[in-house]
1. Just name the residue that is nearest to residue 13 (Cα to Cα) out of those in the stretch 61-74 that are touching a residue at least 24 places away in the same chain (Cβ under 8 Å) and surrounded by fewer than 14 Cβ atoms within 10 Å (Cβ to Cβ).
2. Consider the stretch 75-89. How many of its residues are within 14 Å of residue 36 (Cα to Cα) and surrounded by fewer than 12 Cβ atoms within 10 Å (Cβ to Cβ)?
3. Taking residue 37 and the conditions (1) farther than 30 Å from residue 86 by Cβ; (2) modelled with pLDDT of 95 or more; (3) touching a helix residue (DSSP H, G or I) at 6+ places or on another chain (Cβ under 9 Å), which numbered condition does it fall short on, given that it satisfies the others?
4. Out of the stretch 46-58, which residues are in contact (Cβ under 8 Å) with a residue 12 or more places away in the chain and more than 14 Å from the chain's Cα centre (by Cα)?
5. Which residues, taken from the stretch 18-45, are under 13 Å from residue 68 (Cβ atoms) and over 8 Å from the mean Cα position of the chain (by Cα)?
6. Considering each of 6, 10 in turn, give the residue that is in a helix (DSSP H, G or I), out of contact with any strand residue (DSSP E or B) (no Cβ under 7 Å at 6 or more places or on another chain), farther than 26 Å from residue 82 by Cβ and free of Cβ contacts under 8 Å to residues at least 24 places away in the same chain.
7. Could you check the stretch 46-60 and list, in sequence order, the residues that are surrounded by fewer than 19 Cβ atoms within 10 Å (Cβ to Cβ) and under 17 Å from residue 17 (Cβ atoms)?
C-alpha cells in the first residue's frame with residue numbers, strides 16, 4: 001500500500017527544509033546532491049525504491065531520519081569548495 005498524498009507532501013516538506021538548512025547554494029549541483037542524499041536517507045528508513053512507494057506506517061521514521069540528518073563529510077567539503085568559488089568571483 002502506497003502512502004497518502006498528505007504524507008508524501010509532509011515528507012517532501014521536511015526534505016526541503018533540511019536541505020535549505022544544510023546548503024545555501026540554490027540551483028547548484030551540490031544543492032542537488034544534498035537533496036538526493038536526504039531523499040535517499042528517507043527512503044532507506046522505509047525500505048522502498050522511491051518516496052511515492054513508502055507505506056504510511058514508515059512516514060514518522062522517515063521524518064525523524066530527515067530531522068536527524070547530518071551532511072556526510074564529502075558533501076560538507078563540496079559545499080565549502082563551492083562557497084569559496086562563489087566568494088572568489
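The values are calculated or read from the model by the stated rules, or taken from the named source; none is laboratory data. Predicted model only: the values in this text are computed from it and were never measured. As a convention, Cβ positions derive from the backbone with ideal geometry for all residues, glycine included, and neighbour counts pool all protein chains shown.
1. In this case the residue turns out to be 67.
2. 0
3. (1)
4. 46, 52, 53, 54, 55, 56, 58
5. Correct list: 21, 22, 44, 45.
6. Only one candidate qualifies: 6.
7. Within the stretch 46-60, just 60 meets the criteria.
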